[in-house]
Amino acid sequence: MITVNMHEAKTRLSELVKAVEEHGETVILQRHGKPVAEIHAYAGQSAQHGIQRDLTPDPRLRPVFAPGYDPAEPLGEDEWPSDLQ
């Protein structure tokens with residue numbers, strides 16, 4: 001078990017998370033010498049198998065373009081902003 005104050009935790013966060021991931025440590029965060037939070041390994045996944053993510057795009061986030069609009073088509077001379085012409 002590792003016990004650190006808030007300032008030290010901010011400074012060493014990556015190192016502390018690595019200790020939790022690789023060594024199964026538990027980190028206790030303290031404020032003014034009193035424990036306020038605990039960082040421990042995520043129970044949903046074992047550290048040996050790693051984290052699996054679902055990278056399937058959400059179909060609700062698909063862009064919808066106006067009919068006939070081609071986003072790869074270059075701008076015409078009259079479509080450029082006046083300060084860039």
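Residues of region 6-16 that are surrounded by 14 or more Cβ atoms within 10 Å (Cβ to Cβ) and touching a strand residue (DSSP E or B) at 6+ places or on another chain (Cβ under 6 Å): ALA9, LEU16. For beta carbons closer than 9 Å, sequence separation of 6+ or different chains, a first residue in region 49-73 that is modelled with pLDDT under 90 and a second that is surrounded by 10 or more Cβ atoms within 10 Å (Cβ to Cβ), the qualifying pairs are ILE51/TYR42; ILE51/GLN45; GLN52/GLN45. Note on region 74-85: residues that are assigned to a loop (DSSP other than H, G, I, E, B) and at pLDDT 85 or above amount to 5.
Mind listing whichever residues of region 12-43 are among the β-branched types (Val, Ile, Thr), closer than 12 Å to ILE2 by Cα and in a strand (DSSP E or B)? Listed by number, the residues that qualify are VAL27, ILE28, ILE39.
In summary, GLN52 fulfils each of the numbered conditions (1) surrounded by 11 or more Cβ atoms within 10 Å (Cβ to Cβ); (2) assigned to a loop (DSSP other than H, G, I, E, B) with the single exception of condition (1).
The values are calculated or read from the model by the stated rules, or taken from the named source; none is laboratory data. These numbers come from a predicted model, not from an experiment. Ideal geometry is used to build each Cβ from the backbone, glycine not excepted, and the neighbour counts take in all protein chains shown.
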